[in-house]
Amino acid sequence: MSVDWRGPEVLAKIRAGTLRGVIKATLGVHEEANSLILDTPKTGRVYHRRGVDHKASAPGEPFASDTGATIQSGRTEFDTEKLTGTVHWSTAQAASLEFGNENMAPRSFARPALANSKDQIESDIQGEIRAALK
């Protein structure tokens, strides 16, 4: 009996599937964060600025988008060697919204998005590996 060892080929397929899963999952976390920001009802105070009424978020809720700048600053990056994906927001206030500061309680959106996506991340990566090995 002989065995046709194709280890490098199988590992390459697993790696490619893993990368596709990481990309899919990372994009999903980014989408979930945007959904939390835009679709979660806000229960904070209402104030008038620049001729428009704006309803703020209350502590513990994802922030209420005003100008859209923080949402628009969201980016995904992928490291194809380490098989990792990152979502980050680049506005000056993004970290203060996520973690709070001396003047404001957190209005987290990124960490809840990651927590909400845990099962989907696992499913995305497993599914892409399975598909790659067929």
Projected label distance in nm at ALA92 and ILE14, using a 7 Å step from Cα toward the beta-carbon
4.8 nm
So, in Å, what gap is there between the alpha-carbon centers of the stretch 83-134 and the stretch 18-73?
13 Å
Phi angles of the stretch 82-88, converted by Karplus (6.51 cos²θ - 1.76 cosθ + 1.60, θ = phi - 60°) into ³J(HN,Hα) in whole Hz with x for Gly and Pro, give 8, 6, 10, x, 9, 10, 9
note: the stretch 8-133, Cα-Cα separations exceeding 22 Å make up a percent value of 44 percent
Helix 118-133 vs. the chain, principal-axis angle (Cα, 0 to 90°, nearest 10)
30 degrees
Say a site is exposed when it is one of the GluC sites (Glu not before Pro), sits in a DSSP loop, and has at most 15 other Cβ atoms within 10 Å; what is then the longest site-free stretch of the chain?
1-80
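Coordinate-derived values only; no laboratory data. As the structure is a computational prediction, the values presented were derived from the model and not from experiment. A quick note on method: Cβ atoms are made from the backbone with ideal geometry, for glycine too, and the neighbour counts reach across all protein chains shown.
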